[in-house]
Amino acid sequence: MATRARIGIKQKDGTIITAYQHWDGMPGGLGYNLCENWEDSKKVTEAIKLGNSSKWGTIIGEKIDFDDRSNPFHDVQNVYYGRDRGEQDQGPRTFKDEADYLKNGFNSGEEYIYLMMDQGTTNFMGKPIGTWCYAGDIYTDEGKATPTSFQSLEEVAINDHIDQLKRHLETIQKKEDVING
């Protein structure tokens, strides 16, 4: 099942460049992947500039047959609609600021929007790294509402990822129970 998302990175001038991502967009999926594998803002910018994608892996990768799931690189790299499937008009989209992104970032069916911001953080080697935030669809008794701010992603992504792994283990146990009678 697709959980659509949008990935963005804040530029020095305050604008935000973004790209749509189709699969596994929830915090425990894409969000966890972003926190674990996409901390280098230059790498994130390069990936977003390639435009809309089916999925993000752990590397940007090279041109690949979009539909060849037997290719081992398909599991580890980003798969783009433009680069890999040849679709037109799949480039990145720019928002003027965070408020614009929050207001209009959900216009292609996205359930989550992600934003990397440079907050002066460095890794253990002193290399600058970005900080990931997110906003999700909000539903109230009156219907769908627009989020008003971004939240820190890392802890939410880790907890959601753990919950997914627990559900996977429960499924395995149920299968074993059926097999063992």
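Quick note: the coordinates plus some simple rules give every number you see, no bench work behind them. This is a predicted model, so every value here is computed, not measured. For neighbour counting, all protein chains shown are included, and Cβ atoms are generated from backbone atoms with ideal geometry for every residue, glycine included.
So here's what we get for this one:
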| quantity | calculated |
| --- | --- |
| FRET efficiency, Asp68 to Gln88 (Cβ-Cβ, R0 35 Å, nearest 0.05) | 0.95 |
| Per-residue [θ]222 nm for the chain (sum of -39500 (n - 2.57) over DSSP H runs n ≥ 4, rounded to 500) | -8500 deg cm²/dmol |
| Check: the chain dipole with +1 on Lys, Arg Cβ and -1 on Asp, Glu Cβ, in debye | 380 |
| DSSP-defined antiparallel bridges as percent of all bridges, the chain, nearest 5 | 75 |
| Local electrostatic count, Arg167, Cβ distance below 12 Å [Lys/Arg +1, Asp/Glu -1] | -1 |
| Under Karplus coefficients 6.51, -1.76 and 1.60, residue-wise ³J(HN,Hα) of segment 99-111 in Hz, glycine/proline x | 4, 5, 5, 4, 6, 10, x, 9, 7, 10, x, 5, 9 |
| Distance (nanometres) between label positions extended 7 Å along Cα→Cβ at Thr15 and Glu46 | 2.2 |
| Environment charge at Thr3 (Cβ cut-off 12 Å; Lys +1, Arg +1, Asp -1, Glu -1) | -2 |
| Whichever lysines have a C-alpha closer than 28 Å to that of Lys103, once near sequence neighbours (fewer than 8 apart) are set aside | Lys10, Lys12, Lys42, Lys43, Lys49, Lys55, Lys144 |
| Helix axis angle, 154-180 relative to the chain longest principal axis, alpha carbon, degrees | 20 |
| For Ser53, distant residues with modelled amide H under 5 Å away | Tyr20, Gln21, His22, Tyr81 |
| Among 168-179, 76-87, 146-157, the order from most to least packed when residues are scored by Cβ within 10 Å on average | 76-87, 146-157, 168-179 |
| Burial order of peptide ranges 20-27, 98-105 (average beta-carbon count within 10 Å, highest first) | 20-27, 98-105 |
| Structure-derived volume of the Cα convex hull per residue in Å³ - corresponding label in (i) 155; (ii) 121; (iii) 170 | (i) |
| Two-site FRET efficiency, Glu111 against Glu176, from Cβ-Cβ distance with R₀ of 41 Å, rounded to 0.05 | 0.80 |
| Extension gain from Leu165 to Ser149, taking 0.36 nm per residue of separation minus the Cα-Cα distance | 2.9 nm |
